[in-house]
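Please read the structure below before turning to the comments.
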Amino acid sequence: MCGELGASAVGRRVTLAGWANARRDHGGLVFIDLRDHTGIVQLVVRPEHDPAAHGVRNEFVLQAEGEVEIQVDSLRIVSRSTPLPFQLDEEGVDEALRIKYRWLDMRTGRMQRNLRISHVAIAAIRRTMEDLGFLDIWTPSMTKGTPEGARDFLVPVRLQPGKFYALAQSPQLFKQLCMVGGLDRYYQIATCWRDEDLRADRQFEFRQLDLEMSFVERDDVLDVLERCVVASFEAVGREAPARPFRRMSYADAIARYGTDKPDLRFGLEIEDATEVTRGSAFGVFANAPCVRYIVVPRTFSRSEHARLEEIAKEWGAKGLAQLGQISKFLSERELASFGVEDGSTALFVADEEPLVARVLGGLRTHLGRELGLAETGEEIFHWVLDFPLFERDEDTGRWTFLHHPFTAPMPGSEGFEADPGSALSQHYDLIWNGWELGSGSIRIHDAAMQEAIFRVMGMGEEEQRAKFGFLLDALKMGAPPHGGFAMGIDRFVALMAREPDIRQVIAFPKVASGADPLTGGPTPMPASVLRELGIASIVEPSEK
Ligand code: ASP
């Protein structure tokens, strides 16, 4: 390989093959930089032996024989290239163009590195799972669609016109059925499909490290994930985060950081001022159900503050108060309790509690990144635990699950039907530097409890049978206690490769419009094909 030739190889005869990375033609001597994924080697060609050297262009495939340092005595053009749509060392190439010509983009150092990191991390995860006795079990991509969760991709079934499968949003119920089936440790690098808008960390299809275990408690599951993370870091040659990872309750995360996926690389913790400001002369504080603030270690100009207030409003706040502007309304006692030093700024939000948490959480994340507080070089993994079992659906006002409806309540919350809002669950999330890597839970393994969950969600018996009859039947036939997790592999690898989005670690991603610039998909289908599938299109596909 090109990168393997050191000083000790001098004088040896070698044959090399690869791509022409660059070429300088001096007439009597032609220098060609030959590249493979291990490195670059300079070829020295005397065109009197090999006139072909004059015709070499970037990205031609070559085979060269000669002595190291490589004085070529035989050069063969193996394959030619048309002029390139972009140069491999060009900066700022449009991403759609990179994806359209992905086979070229893949030759760049960046993509070579990313796809190899991806492979190495996944291989380490597979080895870990294997060592821990997990079985790789394939589950179907085509499955019964249920209207819960994200939007489904549908697959028409020619043999049953008018009926559809959905592409699995995750193997959730199949892996639980494996537990009922006595396969007590399942895993899969599973492809999942969700019809959602594409963003930095979203594609229609993505991969999860999906796992499930029987006869375990929460900490057993967390332990498996921590081992996988550490093994991946070690495999790619990075310093692994220390185990066990930090843990924090959901309630604590919301109160102190205003989000269930806080970035713990920096402080800027949210402080509460509700009590101190109860009888405040400042009416906005005195009358608000909740008053909280963050102290930022710098001051802001008028326009900077206006910008922050805009961000706060985007998160739903009515306004953003700065201590300096309102201190004349506040008592000595109030001011003393805030303890703000010179050169720092306290930013207050007063409103309903969830809104205050959300706004300050949003500001905290924004400021942490904008002011560079997050750039500590540290990698912080932590768990968020003890989530609520239910929350109110904002549109319907009904109770709905936070994670999914198969999540078990915490011991002590089994009576959730009486007071769904205060029940806690055995759901846990893994966070890396403020990115949610994945979620899991201990599951319900008792049919009566599963039915109670569905009832709280407003599902009658008939609807339960129609949608989840198979699960309820399985839970009635000797289901062991079990729990599991799913970690987003693409997001994990993107962070591992220090890339800003998952497209950079996926070989053939789609762009934000949902199109695939490489193949030109998606495409309209002839009426005859649709007819055979029993479907009729009601839209004219747009030209775009
Ligand atoms: N199936 C869940 C998900 O895809 C993860 C789990 O609970 O194991 O988010």
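Suppose the filter is in contact (Cβ under 8 Å) with a residue 40 or more places away in the chain and buried (at least 19 other Cβ atoms within 10 Å of the Cβ); does Arg398 pass it? So that I can check it myself, show each step before the final result.
Numbers: in contact (Cβ under 8 Å) with a residue 40 or more places away in the chain: yes; buried (at least 19 other Cβ atoms within 10 Å of the Cβ): no.
It is false that Arg398 is in contact (Cβ under 8 Å) with a residue 40 or more places away in the chain and buried (at least 19 other Cβ atoms within 10 Å of the Cβ).
Would you check which residues across segment 455-467 are closer than 22 Å to Arg392 by Cα and not charged (D, E, K, R) and list them?
Within segment 455-467, Val456, Met457, Gly458, Met459, Gly460, Gln464 qualify.
Considering each residue of segment 252-297, count those that are among the aliphatic types (A, V, I, L, M), under 36 Å from the mean Cα position of the chain (by Cα) and exposed (fewer than 15 other Cβ atoms within 10 Å of the Cβ), and give that number. Don't jump to the end; show me each part of the working.
Looking only at segment 252-297, we keep the residues that are among the aliphatic types (A, V, I, L, M), and these are 253-255, 264, 268, 270, 273, 276, 281, 284, 286, 288, 291, 294-296.
In the following step, the residues that additionally are under 36 Å from the mean Cα position of the chain (by Cα) were identified as 253-255, 264, 268, 270, 273, 291, 294-296.
Right, trim to exposed (fewer than 15 other Cβ atoms within 10 Å of the Cβ) and you get none.
So the count comes out to 0.
Take Arg24 and decide whether it is surrounded by fewer than 17 Cβ atoms within 10 Å (Cβ to Cβ) and in a strand (DSSP E or B). Steps first, please.
Details: surrounded by fewer than 17 Cβ atoms within 10 Å (Cβ to Cβ): yes; in a strand (DSSP E or B): yes.
Yes; evaluated as a whole, the condition is true for this residue.
Do we have Gly483 as of a type in the set (Gly, Ala, Ser), in contact (Cβ under 8 Å) with a residue 24 or more places away in the chain and touching a strand residue (DSSP E or B) at 6+ places or on another chain (Cβ under 7 Å) here?
In short, yes.
Considering every residue within segment 180-189, establish whether at least one is in a loop (DSSP other than H, G, I, E, B), surrounded by fewer than 19 Cβ atoms within 10 Å (Cβ to Cβ) and touching a helix residue (DSSP H, G or I) at 6+ places or on another chain (Cβ under 8 Å).
So the first thing to find is which residues in segment 180-189 are in a loop (DSSP other than H, G, I, E, B), and the list is 181-184.
Checking which are surrounded by fewer than 19 Cβ atoms within 10 Å (Cβ to Cβ) leaves us with 181-184.
If we keep only those that are touching a helix residue (DSSP H, G or I) at 6+ places or on another chain (Cβ under 8 Å) as well, we get none.
No, segment 180-189 has no match at all.
I'd like to verify a number: residues in segment 102-145 that are under 21 Å from Arg202 (Cα atoms), out of contact with any strand residue (DSSP E or B) (no Cβ under 7 Å at 6 or more places or on another chain) and not in a helix (DSSP H, G or I), how many?
Number satisfying all stated conditions: 1.
I'm trying to understand the selection: among the residues of segment 1-21, which are in a strand (DSSP E or B) and either of a type in the set (Val, Ile, Thr) or buried (at least 17 other Cβ atoms within 10 Å of the Cβ) (or both)?
Scanning segment 1-21 gives Val14, Thr15, Leu16, Gly18, Trp19, Ala20, Asn21.
Yes or no, residue by residue, for (1) at pLDDT below 90; (2) closer than 28 Å to Ile380 by Cα:
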residue: Phe245; (1), (2): no, yes
residue: Ala251; (1), (2): no, yes
residue: Ala281; (1), (2): yes, no
residue: Val295; (1), (2): no, yes
residue: Phe300; (1), (2): no, no
residue: Ala312; (1), (2): no, yes
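All but one of (1) loosely packed, with under 15 Cβ neighbours inside 10 Å; (2) among the aliphatic types (A, V, I, L, M); (3) in contact (Cβ under 8 Å) with a residue 12 or more places away in the chain; (4) away from the ligand (no atom under 16 Å from the Cβ) hold for Ala150; which doesn't?
(4)
Please verify whether segment 502-516 includes one or more residues that are in a loop (DSSP other than H, G, I, E, B), more than 16 Å from the ligand (Cβ to nearest atom), over 23 Å from the mean Cα position of the chain (by Cα) and modelled with pLDDT of 95 or more.
Initial filter on segment 502-516 (in a loop (DSSP other than H, G, I, E, B)): 506-515.
Okay, now just the ones that are also more than 16 Å from the ligand (Cβ to nearest atom), so 506-515.
Retained after the next criterion (residues that are over 23 Å from the mean Cα position of the chain (by Cα)): none.
For segment 502-516, residues in a loop (DSSP other than H, G, I, E, B), more than 16 Å from the ligand (Cβ to nearest atom), over 23 Å from the mean Cα position of the chain (by Cα) and modelled with pLDDT of 95 or more: absent.
Given the conditions (1) among the β-branched types (Val, Ile, Thr); (2) within 22 Å of the chain's Cα centre (by Cα); (3) within 16 Å of the ligand (Cβ to nearest atom), report the number of the one that Thr365 does not fulfil.
Status for Thr365: all satisfied but (3).
Which ones in segment 392-407 are at negative phi and more than 26 Å from the chain's Cα centre (by Cα)? Working first, answer last.
Our first condition is that a residue be at negative phi; within segment 392-407, this holds for 392-396, 398-407.
Across segment 392-407, the qualifying residues are Asp395, Thr396, Arg398, Trp399.
Just to be sure before I move on: is Ser425 out of contact with any helix residue (DSSP H, G or I) (no Cβ under 8 Å at 6 or more places or on another chain), free of Cβ contacts under 8 Å to residues at least 40 places away in the same chain and within 16 Å of the ligand (Cβ to nearest atom) in the structure I sent? Don't jump to the end; show me each part of the working.
Details: out of contact with any helix residue (DSSP H, G or I) (no Cβ under 8 Å at 6 or more places or on another chain): yes; free of Cβ contacts under 8 Å to residues at least 40 places away in the same chain: yes; within 16 Å of the ligand (Cβ to nearest atom): yes.
Yes: the conditions hold for Ser425.
May I ask you to list pairs of residues, at least six apart or on different chains, whose Cβ atoms are under 8 Å apart, with the first in segment 275-290 being among the polar types (S, T, N, Q) and the second being in a helix (DSSP H, G or I) and crowded, with 17+ Cβ neighbours inside 10 Å?
What qualifies is Thr277/Phe285; Thr277/Glu334; Ser280/Glu334.
Quick check on this structure: which one of Arg227, Arg207, Arg247, Arg202 is of a type outside the set (A, V, I, L, M, F, W, C) and assigned to a loop (DSSP other than H, G, I, E, B)? First the steps, then the outcome.
Working: Arg227 fails: assigned to a loop (DSSP other than H, G, I, E, B); Arg207 fails: assigned to a loop (DSSP other than H, G, I, E, B); Arg247 fails: assigned to a loop (DSSP other than H, G, I, E, B).
That would be Arg202, the only listed residue that is of a type outside the set (A, V, I, L, M, F, W, C) and assigned to a loop (DSSP other than H, G, I, E, B).
So Phe416 ticks every box in (1) assigned to a loop (DSSP other than H, G, I, E, B); (2) touching a strand residue (DSSP E or B) at 6+ places or on another chain (Cβ under 6 Å); (3) within 16 Å of the ligand (Cβ to nearest atom) but one. Which box is left unticked?
Result: Phe416 fails condition (3) only.
Considering only residues of segment 194-215 that are within 13 Å of the ligand (Cβ to nearest atom) and farther than 13 Å from Phe153 by Cβ, which is farthest from the chain's Cα centre (by Cα)?
Per the stated criteria, the residue is Met213.
Suppose we keep only residues that are out of contact with any strand residue (DSSP E or B) (no Cβ under 9 Å at 6 or more places or on another chain) and of a type in the set (A, V, I, L, M, F, W, C) within segment 156-193. Which one would you say is farthest from the ligand (Cβ to nearest atom)?
Looking only at segment 156-193, we keep the residues that are out of contact with any strand residue (DSSP E or B) (no Cβ under 9 Å at 6 or more places or on another chain), and these are 158-161, 177, 181.
Remaining after also requiring of a type in the set (A, V, I, L, M, F, W, C): 159, 177.
Working: Leu159: 29, Leu177: 13 Å.
Across segment 156-193, the extreme among qualifying residues is Leu159.
Just need a number here: residues in segment 392-413 that are within 20 Å of Ile444 (Cα to Cα), part of a strand (DSSP E or B) and more than 16 Å from the ligand (Cβ to nearest atom).
So the first thing to find is which residues in segment 392-413 are within 20 Å of Ile444 (Cα to Cα), and the list is 399-413.
Still in the running and part of a strand (DSSP E or B): 399-401, 407, 409.
This time we only want the ones that are more than 16 Å from the ligand (Cβ to nearest atom), so: 399.
Adding up the residues that qualify gives 1.
The values are calculated or read from the model by the stated rules, or taken from the named source; none is laboratory data. Note that the structure is predicted; figures quoted are calculated from it, not measured. Neighbour counts run over all protein chains shown; Cβ positions are idealised from the backbone, glycine included.
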